[in-house]
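Okay, so here's the structure we're looking at.
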Amino acid sequence: MKNFRFDALTLILINAIMPVMCAIFPSQKMVALTYIMASLILVVSGNIRRIFKVICVVAVFLAIYLINEYYGFSAILAAWARMMLLFMPCFMIAALLITEYKSSEVLSGLQRLRLPKIFIIGITVTIRYIPTFYREFKIIKKAMKIRGIEFSALHPIRTFEYLMVPQLFRCVALSTELTCAGLTKGISAKNDRTSYYGSGFGPIDYTSFIVLILGYILIIGGIV
C-alpha cells in the first residue's frame with residue numbers, strides 16, 4: 001500500500017477542529033468519528049503499528065473508566081480516564097505531527113494561517129522540544145544507571161528529584177541552543193519566511209477535509 005503524506009497544516013487544522021466540534025455537539029457518535037478520522041490518517045500515512053499501540057492504551061483507560069464507573073472506586077480516576085479517552089484521537093495526530101514532520105514544515109504550515117509571528121514561533125518551539133525532552137530523559141536515565149542510582153516507584157520524591165533536577169538544567173541549555181538556532185535561520189526577520197518544503201494542500205488533504213465534513217453533516221443532521 002502506498003503511503004501518503006499529509007500537509008502539516010491539514011493535521012493542525014483537523015486536530016484543532018475535532019475537539020471543538022465534540023465540545024459543541026457532544027455525543028458518542030462524535031467521539032467515534034474522531035477515532036475513525038485519526039485512525040484513517042495513521043493508516044494512510046503508513047503508521048499502522050501505532051494504531052495497535054493506541055488500541056492497547058485505549059483498552060487500559062477504558063477498563064479504568066468502566067471499573068470506576070460501575071464500582072465507584074474513585075470518581076476522580078474515572079473522570080481522568082474519560083478525559084484521556086476523549087483526547088486520545090488528538091494525541092494520535094499530534095504524535096504523528098511531532099515524530100514525522102520537521103519543525104520547518106510545521107512553521108511553514110502555520111505561516112499560511114497569518115497568525116502572529118510570536119504565536120507561531122512558540123508553537124513550533126514547543127513541538128520541536130517534545131522529542132528533544134524525551135531524548136534527554138533517556139540520557140539522564142542511562143547516566144543515573146551508570147552511577148548506580150536506581151529509579152523506584154517506592155521512592156517517588158527521590159526519583160522525581162533525580163530525574164527533574166538534571167532535566168531543568170538541560171532545559172536552560174537547550175533553550176539557549178534553540179534560540180541561537182532560530183536566530184541563525186533568520187526567525188527574527190521581518191520579511192515573510194520562505195521554506196524549502198513545498199506548502200499547499202494536495203488531493204489527500206482535500207479528501208480528508210471532505211470526509212470529516214461529511215461525517216459532521218451526517219451526525220449533526222441526524223442521518224446516522
Out of the residues in the range 24-53 that are farther than 11 Å from residue 215 by Cβ and among the small types (Gly, Ala, Ser), which is farthest from the chain's Cα centre (by Cα)? 27
For the range 42-58, which positions are of a type in the set (A, V, I, L, M) and closer than 12 Å to residue 92 by Cα? 42, 43, 48, 51, 54, 55, 57, 58
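Can you pull out the residues in the range 133-155 that are modelled with pLDDT under 75 and part of a helix (DSSP H, G or I)?
none
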When you scan the range 1-56, how many residues do you find that are aromatic (Phe, Trp, Tyr) and out of contact with any helix residue (DSSP H, G or I) (no Cβ under 8 Å at 6 or more places or on another chain)? 1
Restricting attention to the range 54-73, does a residue exist that is of a type in the set (Ser, Thr, Tyr), over 28 Å from residue 128 (Cβ atoms) and surrounded by fewer than 17 Cβ atoms within 10 Å (Cβ to Cβ)? yes
Filter the range 73-126 for residues that are in contact (Cβ under 8 Å) with a residue 60 or more places away in the chain and outside any helix (DSSP H, G or I); which is nearest to the chain's Cα centre (by Cα)? 101
Of the residues in the range 22-43, those that are in contact with a Ser or Thr (Cβ under 8 Å, 6 or more places away or on another chain), of a type in the set (A, V, I, L, M) and either surrounded by 18 or more Cβ atoms within 10 Å (Cβ to Cβ) or not in a helix (DSSP H, G or I) (or both) come to 37, 41
Check on residue 56, assigned by TED's automatic domain parsing to the domain that holds residue 209, closer than 30 Å to residue 181 by Cβ and either assigned to a helix (DSSP H, G or I) or not hydrophobic (A, V, I, L, M, F, W, C) (or both): no
Mind checking which residues of the range 135-169 are surrounded by 12 or more Cβ atoms within 10 Å (Cβ to Cβ) and among the hydroxyl-bearing types (Ser, Thr, Tyr)? 159, 162
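The values are calculated or read from the model by the stated rules, or taken from the named source; none is laboratory data. None of the values given here were measured: they were computed from a predicted structure. In this analysis, Cβ positions are derived from the backbone assuming ideal geometry, glycine residues included, and neighbour counts consider all displayed protein chains.
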